[in-house]
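Each remark here refers to the structure printed beneath this line.
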Amino acid sequence: MGTEARLSIEDSGDGIPKEIQTQIFDPFFSTKQAGNGLGLATTFSIIQKHDGHITVSSEVGVGTTFDIYLPASQEKLPEHKDGRAEPVQLKSESRILMMDDQQSILTMVGRSLDKFGYKVEGAEHGKQAVEKYKEPMDTGRSFHGVILNLTIAGGMGGAETMKHLLALDPSVVAIVASGYSNDPVMMNYKDYGFKAVLTKPYLPRDLHKLLLTILDEN
């Protein structure tokens, strides 16, 4: 095994009973009445996809610690001759609609893309995304690109939302995003009308480069 980086996340909460610790990464397993059981399952899938692993240590009444192990990269960023990191070209004033049911992701990615010059508007589910996409079409200020999360808890996900967007605008430029890279939609994204695929987790810089590519092509 090569060099690994470890990230530890610890709390002092109620803890997880030993008898269910082997189930917490299973899809849809949840001890909460309103829980969807996808948070840790998604985390496990993302980490596994990046050749890493996650462990849990917990004691009831004491707290829980998650340790995430990921291969440490030995690659260096491309540099100028003077040693500075290569800058990323801006695509200013491009309007982007982003759909994700996690407000924290909408906020974080929106702020990051704003630094690259994009104007980002968020939607938390498919119906809202379709409504927001439709609103500016008559004014000539349509969105240049759309980012749709594949799975939306309790709402219309990316594939179904894309059907509605294509009915409104056959030339819509859309990216499908998910942590499940082996999902049929992710593997055959062009069959569903998407221009590109984005695997979670991703860096805003990587999303920016992907947007540059597909917006220049369309």
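Please enumerate the residues belonging to region 169-210 that are of a type in the set (Gly, Ala, Ser) and farther than 17 Å from Ile152 by Cα.
Here is the first cut: in region 169-210, the ones of a type in the set (Gly, Ala, Ser) are 171, 174, 177-179, 181, 193, 196.
Within region 169-210, Ser171, Gly193, Ala196 meet the criteria.
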Practice task
Go through region 166-205 and count every residue that is part of a loop (DSSP other than H, G, I, E, B) and aliphatic (A, V, I, L, M).
Solution key: 3
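If you go through region 143-164 one residue at a time, do you hit one that is open to solvent by less than 10 Å² (accessible area, probe 1.4 Å), modelled with pLDDT of 90 or more and either farther than 28 Å from Lys49 by Cα or part of a loop (DSSP other than H, G, I, E, B) (or both)?
First pass over region 143-164, keeping only residues open to solvent by less than 10 Å² (accessible area, probe 1.4 Å): 145-148, 158, 161-162.
Imposing the further condition that a residue be modelled with pLDDT of 90 or more reduces the set to 145-148, 158, 161-162.
Subsequent filtering for residues that are either farther than 28 Å from Lys49 by Cα or part of a loop (DSSP other than H, G, I, E, B) (or both) retains none.
No, there is no match, as no residue in region 143-164 is open to solvent by less than 10 Å² (accessible area, probe 1.4 Å), modelled with pLDDT of 90 or more and either farther than 28 Å from Lys49 by Cα or part of a loop (DSSP other than H, G, I, E, B) (or both).
So which of Ser12, Ser45 is of a type in the set (Ser, Thr, Tyr) and modelled with pLDDT of 85 or more? Give the derivation first.
Details: Ser45 fails: modelled with pLDDT of 85 or more.
Selected residue: Ser12, the only one of Ser12, Ser45 that is of a type in the set (Ser, Thr, Tyr) and modelled with pLDDT of 85 or more.
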Handout entry: Evaluation of Ala129 against (1) surrounded by 15 or more Cβ atoms within 10 Å (Cβ to Cβ); (2) at pLDDT below 85 (one fails), failing number
Key = (2)
Completion exercise
Residue pairs qualifying under the 9 Å Cβ cut-off, at least six apart or on distinct chains, with the first in region 45-66 being closer than 20 Å to Tyr180 by Cα and free of Cβ contacts under 8 Å to residues at least 40 places away in the same chain and the second being among the polar types (S, T, N, Q) and surrounded by 15 or more Cβ atoms within 10 Å (Cβ to Cβ), are Ile54/Thr43
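The values are calculated or read from the model by the stated rules, or taken from the named source; none is laboratory data. Note that this is a predicted model, so its numbers are computed, not measured. Here the Cβ is made from the backbone with ideal geometry for all residues, glycine too, and neighbour counts use every protein chain on show. Note: accessible area is taken over every heavy atom of the protein model, side chains too, but ligands, DNA and RNA are not part of it. Shrake-Rupley method; radii C 1.70, N 1.55, O 1.52, S 1.80 Å.
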